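The values are calculated or read from the model by the stated rules, or taken from the named source; none is laboratory data. Quantities reported herein were computed from a predicted structural model and do not represent experimental measurements. For neighbour counting, all protein chains shown are included, and Cβ atoms are generated from backbone atoms with ideal geometry for every residue, glycine included. With ligands, DNA and RNA removed, areas are computed over all heavy atoms of the protein, side chains included. Shrake-Rupley method; radii C 1.70, N 1.55, O 1.52, S 1.80 Å.
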Amino acid sequence: MCGIGGILNRSMGESTPAMESRTRAMLRAMAHRGPNGNAVFSSRDLVMAVNRLAIRGVDQQQPPLIEHADGVVVACNGEIDNHRELRHMLEQCGHVIPQSTDVAVIAPLYLEKGLAFLEHLQGVFAIALWDARNQRLILARDRAGERHLYYSTSDSAVYFASELAALVAAQGANAQLDPASLAHYLRSGYCPSPRSLLEDHRKVRPGEMIVIEPAGTRYARYWTSPIGVARQSAPSQEAFDQIFRNAVRRQSDIDVDYGVLLSGGVDSALMTAVARSLRPDKKLSAYCIRFAEASFDEGGHAAHMAAHLGCDFVPVTVSPNDVPDGIRHLVSTTGEPLADPAWLPLALVCRRAAQDVRVLLAGEGADELFGGYPTYLGAHLASRYARLPGVVRAGIQRLVERLPVSDKKVTVSFLLKRFVRGQELDGLTRHLLWTASISPDWLRRLGVEPPIDFTDHDLGAVVDALQNYDFGHSLPDALMAKADRGGMCHGVEIRAPFLDQTVIEFAATLPLDARVHGLTTKVFLKDYAQRYLPRSAVTQRKRGLSVPLSQWLRGPLYNWARSRLASRALAGAGIDTDAAQALMTEHCSRSNDHARAIWTLIVLSEWLEWLARTRATAGDEVRVPPEHQLMAV
C-alpha cells in the first residue's frame, strides 16, 4: 500500500527537473500514505514516484517502484495476493526476480503476457506501468475498485496520482468545477468513476486498463462483474468455506501485524472468526467505533463477539466535538468530498489502530455480493406492493408520510417512507431514489438539475440489477473510497476478504432465494456464518454503521451546520443557500429528516473552501525553478 504519482511528457514541453519538482509535490501531498520511504524514477519521457507503506517484503528497503532491465517500470499501490504462485510460474519461464516484494512480479508478468497481464493478478492494486520500448503508459485499477487512481490528460502531458489532492498539488488548481459531476455528487454523496468534481480530472474505473501510446489512448475493461451474468446454481457451504478461508488466508499473509474492524454485524464477525480460526495463536485486536447514543452504539455486541473469539477489544468513541475539525482534515488531506457520515468515524478508529497495526481486515462487500441491503428486500417486495389497487397504495403512503421523524438508527418509519416513494419508477431508478442523499425535488430547489442515469435493465431480474449497480458504483467509489481515504490518512491499509476475486465469482452464482427470501436478506451467508458464530449473532437485526447525525445537527452541531450552509463557496458553485437553510429549518422542526442532504452540502462547502485555499497557494507547492520551466522541442 502506498501513494503513487507521475507525469508522462507527451510534447517534451517541460524539462525533466521541472517534472521531478511537480512529481515531488505529489509525494508531499500524499506523505500520509507512505511513512516507510519513497522513490523516484526519472527519464526524459516520464517521471514516476511512490511513497511506501511496507506490508510485504519489509526486509527490503525497495519501495513498490520497480525498474526492470528490459525498460519496464512499475509503480503499484496495493498488494498482489497471488505473488508466490506468479513468481514460481515466471521463474519456470526463465525470469529472474531478485526482489522479495510482491510488486516485483508485475513487470516480468507484463513481459510474459503482454496486455493480458492484468487478468493474472489477484489482489488490490492501482498500477502505473511504463514500457519505454513501446512508449506505452498503462494505468489500471483492481477488479472491485478497492484502490484508486486519478489522472488528467492534455496534448502535452498525462498526470496520474493516488489522490486528487496530489494532482492538484502538481498542476495547480486551475481546473474548474464540473457541473455534471456536481449533480452526481449531490444526489449520491460521491462522484462515480470515471468522474471527479474537477473538469478533465478523471478516475480509472474498477477493472479498467487505460493504454496511452503515441498513436492514441485505449480504454479497455480487462474484467467485468459476473453478477447477473454467471450461471446460477444451488450453493455449497463446503465449497464456499474453502473459498472464503483461502481469501482470508491470502489477505492476511503479510509481514506485519494486522487487526480487524469489528462492528455488531454478521459480516465483520464472520470475517474475524475465520481469521481467528486460521491463525489461532496470533494476537488479534478488534477495533470498534462507539457512540454515546444507545441506538447507534454497537460496542456491546462487538465487545461480546471479541471476547467470544479471543480478540483484544479496542473501542474508539466518536462525539460531535470530533466533527468540524475532523471532516476539514479529511477533505483537505485527500482532495475529494465524500458525504458518507461514517468516513470520519472510520478515520478516527484507524488513527487509533495505527498505534498497533498497519493493516485492518474489514467486512465490506458482503452486502453487495450476498444481497444484504434493505433496498434489495424492498425491490423484491415492490412488485407485490404494486399489485395493490392505486387507492390503497395512496392511502398507505399518506399514513406512512405522517409517521413522526425519529433520531434513532434506521427506524421502521424511515424504511417505510423510503419504500412508498417512487413506486411508479422502474426498479433501478427507484433504487437510486431510495439511496439518494438529496432527492430530485430538493436538488431543483437548490438550483441543480438532477443527473440523468442509464437505468435500462431486465425487469425480471431487478435484484441482480441493483446489486450489480452497487458493486460497480457505490461500493468502489463510496465505501472503498471511505476505507482507502479514512485508513491511509493515518497510514493504515484496509483489506476486504469478501472482495477477493474467488468470493465475488462464487457469490455471482447464487440464485435469488439464496440472497433474498421472504423478509430475510443474505440468506446463504447467514446460514454459512452459523458454522463459526452463535445463531443469536447471525439472526439479530441488521444495523450497519450509522452516525447519530440527525440528532447532532439539531443539537451540538447546529450553529456550525448553519454557518457551513451559508458558505459563500456554496453560492459560488451555484447552490441556492436559502434553499440549503430551508433544509436545515425543516430538519430542526422534525417535519423531515434531512440529515444526509445537509451533510452532503456541508462536506461540499468544506471541499470548495479547500479548493479556494489551494488555488491561492498553488504556486508555492510546485516550486519549479524558472530555468527548468520550459525546454525547446
Next on the checklist: In Å², and per residue, what accessible area does segment 460-563 have when probed at 1.4 Å with the other protein chains present?
Outcome noted: 32 Å²
Checklist entry - In Å and whole numbers, how far do the C-alpha atoms of the chain stretch along each principal axis, longest first? => result 73, 58, 46
Item to check | Reciprocal mean inverse distance between Cα atoms of segment 202-253 - Kirkwood radius, Å | outcome: 14.7 Å
Item to check | Under-5 Å amide H pairs with residue 198, H placed in peptide plane, nonlocal only | outcome: 178
Next on the checklist: Let's see if you can work this out: charge +1 on each Lys and Arg Cβ, -1 on each Asp and Glu Cβ, no other charges. What is the dipole magnitude of segment 456-565 about its Cα centre, in debye to the nearest 20?
Outcome noted: 880 debye
Checklist entry - In straight Cα distance, which aspartates and glutamates are under 12 Å from residue 283, not counting same-chain residues fewer than 8 positions off? => result 257, 312, 356
Checklist outcome for this item: Rounded to the nearest Å, the spacing of the alpha-carbon centers of segment 261-321 and segment 152-209 is 35 Å
Checklist entry - Once segment 468-531 is represented by equal point scatterers at the alpha-carbon sites, with solvent omitted, what log10 I(q)/I(0) does the Debye formula produce at q = 0.11 Å⁻¹? => result -0.36
Checklist entry - Can you give the Rg to Rh ratio for segment 304-354, taking only C-alpha atoms and Rh from Kirkwood? => result 1.09
Checklist entry - From the backbone phi of segment 428-437, what are the Karplus-calculated ³J(HN,Hα) couplings (6.51 cos²θ - 1.76 cosθ + 1.60, θ = phi - 60°) in whole Hz, Gly and Pro given as x? => result 6, 4, 5, 4, 5, 5, 4, 9, 5, 6
Checklist entry - Separation between the residue 325 and residue 590 pseudo-spin-labels, each 7 Å from Cα along Cα→Cβ, expressed in nm? => result 3.3 nm
Checklist entry - What list of ³J(HN,Hα) couplings, whole Hz, do you get for segment 88-100 from phi and the Karplus terms 6.51, -1.76, 1.60, once you set θ to phi - 60° and write x for glycine and proline? => result 4, 5, 5, 5, 5, 7, x, 7, 9, 10, x, 7, 8
Item to check | Accessible carbon and sulfur surface of the chain relative to its total accessible area, %, 1.4 Å | outcome: 50 percent
Checklist entry - Taking only DSSP H segments of four or more residues, each worth -39500 (n - 2.57), what value at 222 nm results for the chain once the sum is divided by all its residues, to the nearest 500 deg cm²/dmol? => result -12000 deg cm²/dmol
Checklist entry - How large is Rg over Rh for segment 507-570, taking Rg from the Cα atoms and Rh as the Kirkwood inverse mean of 1/r across Cα pairs? => result 1.31
Checklist entry - Once label points are set 7 Å from the Cα along Cα→Cβ at both residue 119 and residue 255, what is their separation, rounded to one decimal in nm? => result 3.2 nm
Checklist entry - Relative contact order, percent, of segment 271-363 when contacts are C-alpha pairs under 8 Å separated by at least 6 residues? => result 30 percent
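Any idea of the accessible area per residue across segment 240-288, 1.4 Å probe, to the nearest Å²?
Per-residue value: 32 Å².
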Checklist outcome for this item: Note on the chain, DSSP bridge orientation, antiparallel percent to nearest 5 equals 80 percent
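Might you tell me the accessible area per residue for segment 1-42, computed with a 1.4 Å probe and given in Å²?
30 Å²
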Next on the checklist: Just to be sure I understand the model, the point goes 7 Å from the Cα along the line to the Cβ. What's the resulting residue 232 to residue 217 distance in nm?
Outcome noted: 3.9 nm
Item to check | Hz values of 3J(HN,Hα) by residue in segment 323-338 - Karplus curve (6.51, -1.76, 1.60), Gly and Pro given as x | outcome: 6, x, 5, x, 6, 5, 5, 4, 5, 6, 6, 9, x, 8, x, 8
Next on the checklist: Report D for segment 225-346 in µm² per second (integer): Stokes-Einstein, Kirkwood Rh on Cα pairs, 25 °C, 0.890 mPa s.
Outcome noted: 144 µm²/s
